[in-house]
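I have placed the structure first, in the form of structure tokens, so that the comments after it can refer back to it.
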Amino acid sequence: MLDLKALIRTIPDHPKPGILFRDITTLLQSASGFRRAVDELVQAHAGRRIDKVAGIEARGFILGGAVAHQLSVGFVPIRKKGKLPFKTIAQPYALEYGTDVVEMHVDAVAAGESVLLIDDLIATGGTAEAAIGLIRQAGGTIAGCSFVIDLPDLGGRRRLEGLGVSVHTLCAFSGH
Ligand code: AMP
């Protein structure tokens, strides 16, 4: 049995002291690891209607693009402020210090479409909550959210479940 968690590399003190950065590039470069991760991100939502996959910049693009291809549906990028070329809608969210903004093209999700949200990792859930806000602002509904990694001590899963969203993660690391 392939151990996805063992394929994730941990880099202490990146990008700043005290952070244990969970690096999925080691998982992505493994043929069987990448294949399995994409399969498992999809499986949890089998039977639900999914019209589009949305991925959060940047690692959510790699995983979300592969998931969209597997489901034969379109892909929607959710990006940091100022990166998307067309007209956007925006959603601010709180960081540890200050705020940030994510954006989505105004025509990326149509009213009534059901969207599966993908990212590599859920920590506090702030980024995913902002992404959910964008999809709902456009009139879309959330089919579910999938992440490779959960940091359960930071409470992101509970936060998203509190928004009425189904959350699936493939492995968990305790602590930050
Ligand atoms: P949050 O909004 O707190 O749930 O943070 C999730 C976002 O930050 C995701 O896009 C992750 O890629 C990134 N992130 C947060 N903490 C880590 C970590 N320990 N290792 C790698 N990425 C992280």
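For the stretch 160-176 and the stretch 89-135, write down the distance between their C-alpha centroids in whole Å. So the separation of the two Cα centres works out to 15 Å. Which one of F86, F75, F61 has the biggest mean-square fluctuation once the chain is modelled by GNM with Cα springs under 10 Å? Taking springs between Cα atoms under 10 Å, the residue moving most is F86. Backbone geometry of the stretch 55-68 corresponds, through the Karplus equation with coefficients 6.51, -1.76 and 1.60 at θ = phi - 60°, to 3J(HN,Hα) couplings of x, 8, 3, 10, 6, x, 6, 5, 6, x, x, 5, 5, 4 Hz, x marking Gly and Pro. Couplings 3J(HN,Hα) for the stretch 36-45, derived from phi with the Karplus relation 6.51 cos²θ - 1.76 cosθ + 1.60 (θ = phi - 60°), are 5, 4, 5, 4, 6, 4, 7, 4, 4, 10 Hz, where x marks Gly and Pro.
Using the Cα gyration tensor of the chain, with a ≥ b ≥ c the square roots of its eigenvalues, what is the shape: rounded (a/c below 1.5), prolate (a/b larger than b/c) or oblate (neither)?
Note, shape of the chain comes out oblate.
Taking E57, E40, E161 in turn, the Gaussian network model of the chain (Cα-Cα springs below 10 Å) assigns the largest fluctuation to E161. Stretching the chain fully between Q43 and A110 yields a gain of 21.7 nm (0.36 nm per residue, less the alpha carbon separation). Here the Karplus relation 6.51 cos²θ - 1.76 cosθ + 1.60, evaluated at θ = phi - 60°, turns the backbone of the stretch 141-149 into coupling constants of 10, 9, 5, x, 10, 10, 9, 5, 10 Hz, with x for every Gly and Pro. Per-residue packing, averaged as other Cβ atoms within 10 Å, sorts the ranges 45-52, 76-83 into the order 76-83, 45-52, beginning with the highest.
Considering only G64, G125, G139, the Gaussian network model of the chain with Cα springs below 10 Å gives its largest mean-square fluctuation to G139. Taking 27 Å as the limit for the C-alpha separation, the pairs K16/K52; K5/K83; K5/K87; K16/K87; K52/K87 exceed it in the case of K16/K52; K5/K83; K5/K87; K16/K87.
Every read-out reported here was derived from the displayed coordinates using simple, explicitly stated rules and does not represent laboratory data. Predicted model only: the values in this text are computed from it and were never measured. Here the Cβ is made from the backbone with ideal geometry for all residues, glycine too, and neighbour counts use every protein chain on show.
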